[in-house]
């Protein structure tokens, strides 16, 4: 797993990440902003063309389209998601971002060992109840020398809820907590209080070597 924290400016010139994300999420500016951040993070971490890649938690294919455009991927991307409705929606788009869609759980993937050279999971891991099984499965299907790229939420993510901060500051702390809980549900977040060090430990236990 690559460490996503680094020099964001020292990268080869690509299409502007925010522009790529906004084209897909013009109706969700906040989602476009966060998607652009993850694209830049993957770029900084060294994500590049791969012969065969797995998109873990591909959802409705939108992020896959952004990934293809931003990185100019030419290889095959397999999309896996437990949400059959989202996959049906993705298939209806017929954009070609993914070569095939698999309706299955991240904790029990129907792939042989060492199938993929690269696996990515954009914001998905914190939404899976059994994080350890998901990470172990990701490690299992990656080829020797392959890489796993993902974004996760730490306990600091909830500090970014601006309205919650305002409500707390003016004396309505109960309102701030209520808003955080509502946003957590909206983001389908399950693991919202894990620290950065805890995540590092989880990946270590799953057998990943974190590159800094």
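How many nm is it between the label spots at residue 198 and residue 103, if each spot is 7 Å from the Cα in line with the beta carbon? Once both label points are built, they end up 3.4 nm from each other.
On the beta carbon distance between residue 114 and residue 83, with R0 = 30 Å, the FRET formula returns roughly 0.70. Each peptide in 55-65, 168-178 was scored by the mean count of other Cβ atoms within 10 Å over its residues; highest first, the order is 55-65, 168-178. One decimal place: the segment residue 30-residue 74 gains 13.0 nm when fully extended, by the rule 0.36 nm per residue minus the C-alpha distance.
Between the helical axis of 62-71 and the longest alpha-carbon principal axis of the chain there is an angle of about 60 degrees. For residue 172 and residue 16, a Förster radius of 35 Å and the Cβ-Cβ distance give a FRET efficiency of 0.35, rounded to the nearest 0.05. Take the Cα of residue 92, go 7 Å toward its beta carbon, and the backbone nitrogen atoms of the stretch 26-66 under 15 Å from that spot belong to 60-62. With 0.36 nm allotted per residue and the present C-alpha distance subtracted, the residue 132-residue 155 stretch has 6.5 nm of extension available.
Bear in mind that the values in this text are calculations on the coordinates, not laboratory data. Note that the structure is a prediction, hence the values are computed from the model and not measured. Methodologically, a virtual Cβ is constructed for each residue, glycine included, from the backbone with ideal geometry; neighbour enumeration extends over all protein chains shown.
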